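K.L.:
Below is the structure I would like to discuss, written out as structure tokens.
The values are calculated or read from the model by the stated rules, or taken from the named source; none is laboratory data. Here the structure is a predicted model, which means the values were calculated and not measured. For neighbour counting, all protein chains shown are included, and Cβ atoms are generated from backbone atoms with ideal geometry for every residue, glycine included. Surface areas here come from the heavy atoms of the whole protein model, side chains and all, with no ligands, DNA or RNA. Shrake-Rupley method; radii C 1.70, N 1.55, O 1.52, S 1.80 Å.
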Amino acid sequence: MANVIGKKIDLISVSLYFGLVLIGWLMILSVEADQINLSSFSDIFSNNIVRSQSIWIVISSIVFFVCAALDRKFWVNLAYPLYAVGIILLLGVLLFGVEIKGAKSWYRIASFSLQPSELAKVFTNLALAAYLGSYSMSLKQVKTQAISIALFMAPMLIILLQPDAGSALVFFAFFIVLYREGFPANFLITGIVTLILLILGLRFDALDIIALIAISASVFLASQQSKRNIWFLLLIAIISAVYFLFENAPLYYLYGMLIAYAIMTFAFIGKKGLRLPLVTLFAGIIASGVVYLADFSFENLKPHQKDRINVWLNPSECDPQGSLYNLNQSKLAIGSGGIQGKGIFQGDLTAGNHVPEQTTDFIFCTIGEEQGFIGSAGIIILFILLILRIIKLAERQKTSFARIFGYGVACILFIHFFINIGMTMGLAPVIGIPLPFISKGGSSLLGFSMLMGILMNLDRHRNRV
């Protein structure tokens, strides 16, 4: 343990880690301040929420140093067994877990609750690093690609059965890791385009988006055919803009024009061969299918699931006192802080418990109200510095296993940080993702502490490989 505390450990990362943990504890204390006599040490820790988080901080700190102190080979050799343990825990929670907030995602242990999905992120990161770090593994091979994706898709699908969409979404972070390790860029681009089409299908009418896809395909083919089509393309753009912006253009006229132009395009470009038109047509059909699937799936969701999507994409259709209440209160709290904030323990909305889940998913609102723009920007800067530092640590590793694990830590933190802060401002869907190190929750803090501790361990031993 002495070596861990000594010069070998990366003190910058450790300082950022404990700094964020301390800020989180203070923000949780601030939320509960109106129920506590702050001048009494014993009264502070008599509060259930503050006491529970304090215990988890102690436990997670011990776990952090233990993970950093163990021999490096421990994590390399036990990567797959730990992954198997993670899968078993995820399956077991479906049978023996307790349901909290509509998701059967927790084990109840005495007065504590444990969420296995937080540990599964750690173990999946280890397994992926062990697999891709093996000798002669290349992501240019289809077999390697398939196994790599299966390693993190398996726990993700099990988590979706709980159902816990927020925790499942985090596993997409591993696609970024794969891209860093040589995963073909075309697959990543395809995934991003698919995600955009899914969002468009949820936000707009499916036929409108399909018409837009047809327009895009026609423009692409025409650009490959002749520059003389520029005036016809301009006409398409004008009529399309009229329809999409004002919805006054007859739908049948727009589609009829697209069909006529598609036939004309095939006629002209057919002289050069049908390969490009057919590939474009096939891509357009697939894209249209994705949009229709999104629209169909949305129509068959449960009311509360529709509300979550509408809060994000169609807030004008939501009840301000119902599904939109959380987001409105969140924005109000953040905006009320102004530039400098109201001061710690001085948040009116925080003290009045006007923001639901303000110690967990919406804890950034407390920071915004009490610390203002300066404090909020400071937290964001701290997270960016930590993520950049982790990337630097990953790049200086001598083994693929350590480098891949490091990038996994950075990507998991980024997804949590980006979505959590985004959802408090309406920029991301409200899907229940905690803010790392700051949100209340023992399982979350334990998982992130393990990720950081293992990374510190691998970095300490990088020159002994």
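K.L.:
Determine the gain in length on full extension of the stretch Phe18-Phe282; use 0.36 nm per residue of separation and subtract their C-alpha separation, reporting nm with one decimal.
P.N.:
Full extension from Phe18 to Phe282 adds 89.8 nm.
K.L.:
Now a separate question. Once you place label points 7 Å from the Cα toward the Cβ at Leu188 and Phe172, how far apart are they in nm?
P.N.:
Inter-label distance under the simple model: 1.5 nm.
K.L.:
What is the Cα convex hull volume of region 333-465 when expressed per residue in Å³? Let's see the in-between values first.
P.N.:
Working: hull volume 14.3 nm³, N = 133.
Given the Cα convex hull of region 333-465, per-residue volume reads 107 Å³.
K.L.:
If packing is taken as the average count of other Cβ atoms within 10 Å, what order do 357-364, 185-192 fall into, highest mean first?
P.N.:
357-364, 185-192
K.L.:
Another question, if that's okay. Taking N as the number of residues in region 18-125, what is its Cα Rg relative to 2.2 N^0.38 Å?
P.N.:
1.32
K.L.:
List residues of region 282-300, by number, whose backbone nitrogen lies under 14 Å from a label position 7 Å along Cα→C-beta of Asn314.
P.N.:
Residues 294-300 fall inside that zone.
K.L.:
Shifting gears a bit: What is the Rg over Rh value, at two decimals, for region 1-71, using alpha-carbon atoms and the Kirkwood definition of Rh? Display every interim value, and only then the final one.
P.N.:
Details: Rg = 15.0 Å, Rh = 13.7 Å.
Radius of gyration relative to Kirkwood radius: 1.09.
K.L.:
Given points 7 Å out from each Cα along the Cα-Cβ axis, report the Leu157 to Val85 separation in nanometres with one decimal.
P.N.:
2.5 nm
K.L.:
On to the next question. For region 274-297 and region 73-91, what is the separation of their C-alpha centers, rounded to whole Å?
P.N.:
40 Å
K.L.:
Relative to the present Cα-Cα distance, how much length would full extension add between Gln346 and Ile380 at 0.36 nm per residue of separation?
P.N.:
10.1 nm
K.L.:
Obtain the nm distance between the two label points defined at Ser40 and Phe296 by a simple spin-label model: each point lies 7 Å from its Cα along the Cα-to-C-beta direction.
P.N.:
In this crude label model, Ser40 to Phe296 measures out at 6.2 nm.
K.L.:
Accessible area of His461, 1.4 Å probe, to the nearest 10 Å²?
P.N.:
20 Å²
K.L.:
At 0.36 nm per residue, minus the direct Cα-Cα distance, what do Leu94 and Ala146 gain on full extension? Give it in nm, one decimal, please.
P.N.:
Fully extending the segment from Leu94 to Ala146 adds 16.1 nm.
K.L.:
Kindly state, to the nearest 0.05, the FRET efficiency for Lys104 paired with Leu388, given R0 = 30 Å and r defined as their beta-carbon distance.
P.N.:
Values: r = 37 Å, r/R0 = 1.24.
Calculated value: 0.20.
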